[in-house]
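See below for the structure under consideration.
The values are calculated or read from the model by the stated rules, or taken from the named source; none is laboratory data. No experiment lies behind these values; they were computed from the predicted model shown. Note: ideal-geometry Cβ built from the backbone for every residue, glycine included; neighbour counts use all protein chains shown.
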Amino acid sequence: MKYHIFGQHDENTLAQLRDVASRAVRAALMADGHLGYIMPIGGVAAYREQVSVAGVGFDIACGNAAIRTDLRLEHLEGRLEEAADEIAGTISFGLGRTNRADDAPVNHPLFEDPAWEAIPKAHREALREKARAQLGTVGGGNHYVDVFADEEGRIWVGVHFGSRGLGHTIASGFLALARDQPWGSRVKEFEALLELKSPLGQAYWAAMELAGRYAYVGREWVARKVVEILGGKELELVHNHHNFAWKEVHGGETLVVVRKGATPAFPGQKGFVGGSMGDDAVILQGSTNPEARPLQEAALYSTVHGAGRVMSRRAALGRRREPGRVSRTEMQAWLKRKGVVLRGGDVDESPQVYRRLSEVLKAQGPTVEVLHVLRPLVVVMAGEGEFDPYKD
């Protein structure tokens, strides 16, 4: 079979995977999969000397980072509300925000990287300045900063966001160029498969990798800033993209592997996977058991990036004449039972709109091993009703 499916999915999501698989060498769908643009979220596809712009997506290099600190649960006793307020007041959340912190890494060497030459000259400086202003901002939608306690009471900080306006502009720009339209033109989403040997493919790859470095710098700055706010020290960092493309060897052949909402999980490779604002998260790794290798290969050494939505944002929030399927009272009741302190957030990110992460991981079978279970203490997100075009 050309593709492998983990878990249960609706027919629209499966049809989207089959469509992508018809143009790929191999494909897979993770257990947290759901409908996306062109390629399903949770989808993985491998190509020969091609990269899919829509496959990588608009939120290039969206991913998760988690830091284990030297703090323990008792160090935060009675401080969670205060910590939540300070995080919300220090880190910038929401649409198109600029970083308000004095020590944001706005002069990082990545802004002088030769890869900026991949952006058309007429648009380069404006995009560079937008990226500089947004570095270290979290955005809206399902992007967050969380404080967790693991099974031993150790405190972790976790973040989820991507390359913000930089990645969105790169994706939109190269989709337009692939249609022979000017950079900045709005074109309907399609699977633009760019040949890596072509000038356009080389330029996209350079710009994508630039967005990847940008996202890494932003996530690590935010996570470390929160560790500083808590008064802790960093002991371990777990960090992965889940909207990106890599050159990897599979079945003895070098392929371009596009993961859209899927976490790399080679044997022993660690990843941080969140659940929802009211559910546990995990630190996991690709299985080191040789017996799991065939299934890992079928997954293209990938795993879930979250719990996966079961309800659209529109269904959760409702429409003008139609109430939403989740109320704020129901969301707050769930969080109270779990003991989570929330700042921001809306019902379209409520736990009720997601699968349960434990069930999703079970559907991935023996391909991954859970190392730590993280219980959420504090969740900080963009405020109610905040729209963010840069979310994944």
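Looking at region 263-308, the strands (runs of 3 or more DSSP E) lying wholly inside it that each contain 3 or more residues that are in contact (Cβ under 8 Å) with a residue 12 or more places away in the chain, among the aliphatic types (A, V, I, L, M) and within 13 Å of Glu369 (Cα to Cα) sit at 281-286. Going residue by residue through region 219-229, is there one that turns out to be surrounded by fewer than 24 Cβ atoms within 10 Å (Cβ to Cβ) and closer than 26 Å to Pro114 by Cβ? For region 219-229, residues surrounded by fewer than 24 Cβ atoms within 10 Å (Cβ to Cβ) and closer than 26 Å to Pro114 by Cβ: present. Scanning region 241-258 for residues that are closer than 21 Å to Tyr204 by Cα and among the charged types (D, E, K, R) returns Lys247, Glu248. Residues that are closer than 30 Å to Arg72 by Cα and either touching a Phe, Trp or Tyr at 6+ places or on another chain (Cβ under 9 Å) or in contact (Cβ under 8 Å) with a residue 60 or more places away in the chain (or both): does region 193-215 have at least one? Taking every residue of region 193-215 in turn, at least one turns out to be closer than 30 Å to Arg72 by Cα and either touching a Phe, Trp or Tyr at 6+ places or on another chain (Cβ under 9 Å) or in contact (Cβ under 8 Å) with a residue 60 or more places away in the chain (or both).
In region 335-352, of all residues being of a type in the set (A, V, I, L, M, F, W, C) and either part of a strand (DSSP E or B) or modelled with pLDDT of 95 or more (or both), the one that is farthest from Glu86 (Cα to Cα) corresponds to Leu335. The residue that is nearest to Gly57 (Cα to Cα), counting only those in region 234-258 that are in contact (Cβ under 8 Å) with a residue 12 or more places away in the chain and in contact with a Leu (Cβ under 8 Å, 6 or more places away or on another chain), is Val257. A count restricted to region 345-363 and to residues that are touching a strand residue (DSSP E or B) at 6+ places or on another chain (Cβ under 6 Å) and surrounded by fewer than 22 Cβ atoms within 10 Å (Cβ to Cβ) stands at 1. Considering each residue of region 73-96 in turn, none proves to be aliphatic (A, V, I, L, M), modelled with pLDDT of 95 or more and under 23 Å from Ala207 (Cα atoms).
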